[in-house]
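The values are calculated or read from the model by the stated rules, or taken from the named source; none is laboratory data. Everything numeric here is computed off the predicted structure, so don't read it as measured data. Neighbour counts are summed over all protein chains in view; Cβ atoms, including those assigned to glycine, are modelled from backbone coordinates with ideal geometry. When the accessible area is computed, the model is the full protein with side chains, heavy atoms only, and any ligands, DNA or RNA have been set aside. Shrake-Rupley method; radii C 1.70, N 1.55, O 1.52, S 1.80 Å.
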Amino acid sequence: IAYYVGAEPPDERLVTSVRAVVFSGDGVLVLRNPDAVHALPGGRREPGESFEETLRRELLEETGYAVEEPRPLGMAHLRHLQPPPRGYPFPHPDFYWAVYAAESDGRRVAPPYDDYELDARFEPVSAALERVDLPSRIYVQAALETR
């Protein structure tokens, strides 16, 4: 995995997921799931969706929060190390995440309905940076610089 800040996303056919660092006031949105604590909510694109449409849909599904005018922040380049499973419909071996930064008013507009994410809440940035995974730290710090 390689993380890039300020980079334009590659060919959109290779971007399988769109994610964002979401701020509200002095807080950043932190999520907890069975595998990690992170600050990059988002997820897989559906056919025909723009990056922004994917991001808005996934944020509502995972967190219940809406965002204002997401701005591109960078991308993550990921590579599968194993052959693809039979019928795998996504790019292989290389694929990308488009990463954005966005602001929220901090009010939930819908209940989250993604069963994977166990918790999503705004935390002070300094506390969040101590808890979140490495990709989240990279992008939260970059987003702070462009905020």
Dividing the mean separation of Cα pairs under 8 Å (6+ apart) by the residue count of region 1-62 yields a relative contact order in percent of 29 percent
DSSP beta bridges in the chain: the antiparallel percent, rounded to 5, is 75 percent
For the chain, longest principal axis from Cα atoms; helix 51-62 axis from its Cα atoms; angle between them, nearest 10 degrees, is 60 degrees
Taking Thr54, Thr146 and ranking on accessible area (1.4 Å, protein atoms only), highest first, one gets Thr146, Thr54
For region 37-119, the percent of accessible surface on carbon and sulfur atoms (probe 1.4 angstrom, ligands and nucleic acids excluded) is 54 percent
Check: C-alpha center region 1-31 vs C-alpha center region 128-142, spacing in Å is 12 Å
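Can you tell me what the convex hull of the Cα atoms of the chain projects to on average, as an area in nm²? Don't skip to the end; give the middle numbers.
Details: hull surface 34.8 nm².
Over all viewing directions, the chain projects a mean Cα-hull area of 8.7 nm².
May I ask you to give the solvent-accessible area per residue for the chain, in square angstrom, as obtained with a 1.4 angstrom probe? Let's see the in-between values first.
Working: 8030 Å² over 147 residues.
Here the residues of the chain average 55 Å² of exposed surface.
If Asp114, Asp105, Asp35 are ordered by their accessible area, calculated over protein heavy atoms with a 1.4 Å probe, which sequence runs from highest to lowest? Spell out each step's value before the answer.
Numbers: Asp114 40, Asp105 90, Asp35 125 Å².
Correct descending sequence by accessible area is Asp35, Asp105, Asp114.
Over all directions, how big on average is the projection of the convex hull of the alpha-carbon atoms in region 12-88, in square nanometres? Walk me through the numbers on the way to the answer.
Working: hull surface 26.5 nm².
Over all viewing directions, region 12-88 projects a mean Cα-hull area of 6.6 nm².
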Residue-normalised 222 nm signal for the chain, counting each DSSP H run of n ≥ 4 as -39,500 (n - 2.57), nearest 500 deg cm²/dmol, is -6500 deg cm²/dmol
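Check each of the GluC sites (Glu not before Pro) in region 5-79 and keep only those in coil by DSSP with at most 12 other C-beta atoms within 10 angstrom; list them in order. Could the numbers behind the result be given before it?
Working: sites: Glu12, Glu49, Glu52, Glu53, Glu58, Glu61, Glu62, Glu68; in loops: Glu49.
Answer by residue number: there is no such site.
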